[in-house]
Amino acid sequence: MTFSADLGLAYPELILAIGALVLLVAGAFAPKASRAVGWAAIAVLAAAAYEAATGPFGKGFSGGLISDAGSAFAQVAIYASSAICIPLGQRWFERRGVDNFEFPVLIVLAALGMGMMVSAGDLISLYVGVELHSLALYVLAAMHRDNARASEAGLKYFVLGALSSGLLLYGASLVYGFAGSTLFSDIAAAVHNGASTGVLFGLVFLICGLAFKVSAAPFHMWTPDVYEGAPTPVVAFFAAAPKLAAMVLFARLLGQGFGGAMIQWQQVLVALGLISIAVGAFAGLAQRNLKRLWAYSSIANVGYAIIGLSAGSAEGVQSMLTFMVLYMVDVTGFFACLAALKRQGRDMETIDDMAGLFREQPGIALAMTAFSLSALGLPPFSGFWAKVFVFKAALAAGLPIAAVLGLVGSVVAAFYYLRLIKVMWFDGSVGATDTPPVEARLIGMGLALFSFPVVLGALIWIYPAAGRAAHAFGLA
């Protein structure tokens, strides 16, 4: 392909890169115009999503960038999730006297990195995308500079993120050394008749590095502390789009690069998934802080997505993509509700703080109940359908034990979701809540309506779209 054709495939990334640079300069010259920068960032993300959905498919830059149905599906979901978090975060910071125009710019840069991740065609573009989005996330975690917990969260995330970057680089160097190429297509040819021991060692390190990015156990150690310390709208962003991007990268790397070694990596993924479900379910039982509790919930839910991916089939990838999109809605909505709640000027972040919430804020309480029941997997909420697709794919792939243990994990985790609902609905109020901000309440309640009943109609096009995306990843 010509260079101009290569650029045509990279239009979504170019829109985000140029938009971020322009917004950064504009914000530097007019730092008080942060709201205008925020709306412009949303427009940039919308333009990138439109280009991803309507742009041409193909391989560019000598195979380093891939534009296909898989990347388009993921980019549209990622950019939409990122756009929702911009007004949520900006208003949250403004109410605390922090008027940062950098927030939407960092969101756009993180979205750029995630877009590169889902379009990566070789180990080099994989690493560039991962690091670009990670660097933006490190800064976002510490965005509330006057808050000691936020600074601590950013530092912990950065230090542990450096460890995962080292694992990725070491794994990539091993794979390159033994396979002779960084391109996924060339690696697939090298392992077509079986992977050598050196390639398998490199693959294990790559899986470990990506497992850190999705906070899969036992590489989850950063998640509870970062979720608790980071600003609530930033956590809403952390818990959604970056997880989808890393899971799509997982699917592309394993399907297009290591399809010939499926028997080996399938065992690793099943173990990762089940350990994540167990850690998320049992460790969450002891949590009283809601941000830490949903950190463990996210660990468990990533475990279900990994179980779907471990099926090693197009149906498994389809179930994973559907699961992650539906989970993104739930987790973003829950943290939007949490960002809306204050009592006497103090953030409400613990289960005890939610006592009697239904009497004070019935709309937000109903929304949080919907998200909790969905994350639990109770029908007919979106989380139920997400888990049905994952368990169906696992059973079709001959993994009944993984499906059964995953179901057991859901039963265990039900305790902490139901405990939260009980406290909101039946416990006595501990004081009047402050008036919730309009944008957080609208986002939370709007996404709750998606969780049920809108999801019943939305699945009619989400699941087939995920199926078309899944066939792009090279698994039969």
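The values are calculated or read from the model by the stated rules, or taken from the named source; none is laboratory data. Keep in mind that this is a model prediction, so the values were computed, not measured. All Cβ positions, glycine included, derive from the backbone under ideal geometry; neighbour counts span all protein chains shown. What goes into the accessible areas is simple: the full protein's heavy atoms, side chains included, and nothing from ligands, DNA or RNA. Shrake-Rupley method; radii C 1.70, N 1.55, O 1.52, S 1.80 Å.
One table, with the values for the structure above:
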{"quantity": "Average projection area in nm² (convex hull over Cα atoms of region 168-221, one quarter of hull surface)", "calculated": "3.8"}
{"quantity": "Modelled FRET efficiency - R0 60 Å, Phe29 with Lys342, Cβ distances, 0.05 increments", "calculated": "0.95"}
{"quantity": "Most to least accessible of Ser81, Ser173 (protein chains only, probe 1.4 Å)", "calculated": "Ser173, Ser81"}
{"quantity": "In Hz, Karplus ³J(HN,Hα) per residue of region 448-460 (6.51, -1.76, 1.60; θ = phi - 60°; x = Gly, Pro)", "calculated": "5, 5, 5, 4, 6, x, 4, 4, 4, x, 5, 4, 4"}
{"quantity": "With DNA, RNA and ligands ignored, accessible area of Asp122 (1.4 Å probe; Å², nearest 10)", "calculated": "20"}
{"quantity": "Filtered trypsin sites (Lys or Arg not before Pro), region 30-60: DSSP coil and at most 16 other beta carbons within 10 Å", "calculated": "Lys32"}
{"quantity": "Accessible-area composition of the chain, carbon plus sulfur, in percent [1.4 Å probe]", "calculated": "71"}
{"quantity": "Paired Rg and Dmax values of the chain, which use every Cα atom, in angstrom", "calculated": "21.1, 68"}
{"quantity": "Estimated 222 nm signal from helices in the chain, with DSSP H stretches of n ≥ 4 weighted -39500 (n - 2.57), rounded to 500", "calculated": "-24500 deg cm²/dmol"}
{"quantity": "Å² per residue, accessible surface of the chain at 1.4 Å", "calculated": "35"}
{"quantity": "Karplus 3J(HN,Hα) series, Hz, for region 226-243 with 6.51 cos²θ - 1.76 cosθ + 1.60 (x for Gly, Pro)", "calculated": "5, 4, 5, x, 6, x, 4, x, 5, 5, 4, 6, 3, 7, 10, 4, x, 5"}
{"quantity": "Percent of Cα pairs exceeding the 24 Å cut-off, where the set is region 333-432", "calculated": "33"}
{"quantity": "Accessible area in the full protein assembly, largest first, 1.4 Å probe, for His133, His220", "calculated": "His220, His133"}
{"quantity": "Calculated on alpha-carbon atoms, Rg and Dmax of region 40-92 in Å", "calculated": "13.1, 43"}
{"quantity": "Local net charge near Lys59, Cβ-Cβ under 11 Å (Lys/Arg +1, Asp/Glu -1)", "calculated": "-3"}
{"quantity": "Rounded D (µm²/s) - region 275-394, Kirkwood Rh over Cα pairs, Stokes-Einstein at 25 °C, 0.890 mPa s", "calculated": "164"}
{"quantity": "Label-to-label distance, nm, for residues given as Ser62 and Ser196 (7 Å Cα→Cβ offset)", "calculated": "2.2"}
{"quantity": "Estimated distance in nm for a label pair at Ile124 and Gln267, the labels positioned 7 Å out from Cα along Cα-to-Cβ", "calculated": "3.4"}
{"quantity": "Additional length obtainable on full extension of the chain from Ile18 to Phe426, 0.36 nm per residue less Cα span", "calculated": "141.7 nm"}
